[in-house]
1. Which residues in region 4-19 place their backbone N less than 13 Å from a point set 7 Å from the Cα of residue 217 along the Cα-to-Cβ direction?
2. If the viscosity is 1.306 mPa s and the temperature 10 °C, what translational diffusion coefficient in µm²/s does Stokes-Einstein give for region 87-133 when Rh comes from Kirkwood over Cα pairs?
3. If you take the beta carbon distance between residue 69 and residue 103 as r and set R0 to 25 Å, what does 1/(1 + (r/R0)^6) give as a FRET efficiency, to the nearest 0.05?
4. Would you mind ranking 174, 142 by Cβ crowding within 10 Å, fewest neighbours first?
5. Determine the distance separating the Cα centre of region 110-131 from the Cα centre of region 29-80; give it in Å without decimals.
6. Can you tell me the 0 to 90 degree angle between the C-alpha axis of helix 166-183 and the longest principal axis of the chain, rounded to 10?
7. So what are the radius of gyration and Dmax for the Cα set of region 114-164, in Å?
8. Relative contact order for region 145-231 using alpha-carbon pairs under 8 Å, separation at least 6, rounded to a whole percent?
Ligand code: ADP
Ligand code: MG
């Protein structure tokens, strides 16, 4: 696990300023939710931390490393997307081990890590299946497993439950909490869903228009929103 520090991060796409000198300090082991309406810059911020988008200015630190110009694969992060991004022709095992094989990891070590991941995520019986033979929830478990086997310091989730039905979403929320409690990893989770944010987060960063409006514990945000936008979006008691 590691702390994540975003310093004066700005991202422009052409003439449009999508992130505006953003600062955020995330403690090691925290579960942080980036919450805000569609188009406010959540994915852009997550992609910047992952190294998947060019930044205009500012710095990103993970632990004691300035990773601003590091390759995505060197940052010690694992990313889980809404759209699983699994290899359709590979089995669950194949999907979990692929990245490790490419990195040249020792076979026994790979087997150990895959075993651990399928146990933790309760997908052991599915090891020989291909993504097409899995439900949405099972696919998302495999996608989380791919970050898990890499032993990353920081997990990044971009609306991972949006494609799932309500019952499964609730179920996987509970599992994510358990996973977080068990691993103690730093997790940064993007959603536009207030309930998801309030139930998952240690702290929520409420975003709009490329700016963080408030960064605080769920209770604090719910009880003492700093402005009308936060109050309206999170839904404060009147
Ligand atoms: P969110 O994830 O909060 O819905 P995004 O980070 O995806 O928002 O997008 C923030 C804004 O940046 C949006 O207005 C979007 O249209 C714009 N945007 C995102 N990616 C690009 C890109 N590659 N080129 C131009 N504009 C982009
Ligand atoms: Mg998004």
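Since every read-out is calculated from the coordinates, none of them should be taken as a lab result. All values reported here derive from a predicted model rather than from experimental measurement. In this analysis, Cβ positions are derived from the backbone assuming ideal geometry, glycine residues included, and neighbour counts consider all displayed protein chains.
1. none
2. Values: Rh = 10.8 Å.
Stokes-Einstein gives a translational diffusion coefficient of 147 µm²/s.
3. That gives a FRET efficiency of 0.75.
4. Final ranking by Cβ density, sparse to dense: 174, 142.
5. Each part's Cα centre sits 28 Å from the other's.
6. Value to nearest ten degrees: 80.
7. My reading of the Cα-based Rg and Dmax gives 11.1, 31 Å.
8. Rounded, it is 21 percent for region 145-231.
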